[in-house]
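Following: one structure in structure tokens, then a few remarks.
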Amino acid sequence: MPRETLSAATHYHESAMSLFEREEVFTDILTDLQRQGWSVQDNVFSSEFIQALMAEAQGIESTNMLQAGIGRQQDHQLSLNARRDTIQWIDGDRPIRRDFLNAMEALRLALNRRLFLGLFDYEAHFARYEAGAFYEKHVDAFHGRSNRVLSTVLYLNQDWQQQDGGELVLYDERDSEHELGRFLPQQGRLAIFLSEAFPHQVLPAKRTRHSIAGWFRVNNSTGQFVDPDQ
Ligand code: OGA
Ligand code: MN
């Protein structure tokens, strides 16, 4: 490999890692995923970075957000999949967004190295739940019908209180009535779980709730079905 390429690659890796708050965060996520298929971690990113992401989320005019799709509703076996959030897909057109995608790229590489998941890429959108908004119980991918393997949700609101609602409720993959946990959308918290395995929902938020939802995907060629969020 030419020297320039090598040093560019090294520099890129270091800068993506520097966005994370803790070095062990990958180890914690990978261990949880291996053991139970899901992980919820706090203080994943540096506080400067998460605050910049929050400012970016808040700065999006609501007229530039899309009503999130409920596509494929007739196919859903678990629930109505009704939702009331608005979204904006993320690409690398602004530095803060590119930094976020670079950070998740570093996570993707770690997941592939350690868990051999063969993750091919990552897609993500900002999501905004205004007061009263929710997302009914659903799964993010259906067996054989999607290339989504791992779902991620990064929460952006500062000082989110119990009375603000908006919890993520995660359910057991074997018993979709059994709750694994309820998680407040606290700033810097990252939820990550196998997209096909874990039903989940968002309880009604009592104030505006900001997050970034994303999916690591494999590159299968059975892409004749459209993902629900698109
Ligand atoms: C989703 C989703 C959960 C959350 O966007 O598919 O389930 O806590 N989000 O925002
Ligand atoms: Mn979901």
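The values are calculated or read from the model by the stated rules, or taken from the named source; none is laboratory data. Since this is a predicted model, take the numbers as computed values, not measurements. Methodologically, a virtual Cβ is constructed for each residue, glycine included, from the backbone with ideal geometry; neighbour enumeration extends over all protein chains shown.
Quick one: how many residues across segment 22-50 are surrounded by fewer than 17 Cβ atoms within 10 Å (Cβ to Cβ), in contact (Cβ under 8 Å) with a residue 12 or more places away in the chain and over 16 Å from L194 (Cα atoms)?
Number of matching residues: 5.
Considering only strands (runs of 3 or more DSSP E) fully contained in segment 116-230, which possess at least 1 residues that are within 12 Å of ligand 2 (Cβ to nearest atom)?
Qualifying strands (runs of 3 or more DSSP E): 121-129, 135-138, 148-155, 168-171, 190-194, 200-202, 209-217.
Go through segment 89-128 and give me each residue that's of a type outside the set (A, V, I, L, M, F, W, C) and over 21 Å from Q41 (Cβ atoms).
Once the filter is applied, which keeps residues that are of a type outside the set (A, V, I, L, M, F, W, C) and over 21 Å from Q41 (Cβ atoms), segment 89-128 yields D91, G92, D93, R94, P95, R97, R98, G118, D121, R128.
Among the residues of segment 69-90, count how many are at pLDDT below 95 and in a loop (DSSP other than H, G, I, E, B).
Adding up the residues that qualify gives 13.
Is it the case that some residue within segment 33-49 is within 23 Å of W89 (Cα to Cα), assigned to a helix (DSSP H, G or I) and touching a Phe, Trp or Tyr at 6+ places or on another chain (Cβ under 9 Å)?
yes
Checking the structure you have, find out if any residue of segment 102-119 is closer than 25 Å to T208 by Cα and at pLDDT 95 or above. Steps first, answer last, please.
From segment 102-119, those closer than 25 Å to T208 by Cα are 104; that's our starting set.
If we keep only those that are at pLDDT 95 or above as well, we get 104.
Taking every residue of segment 102-119 in turn, at least one turns out to be closer than 25 Å to T208 by Cα and at pLDDT 95 or above.
Inside segment 117-135, can you point out the residues that are crowded, with 17+ Cβ neighbours inside 10 Å and not hydrophobic (A, V, I, L, M, F, W, C)?
Y122, E123, H125, R128, Y129, Y135
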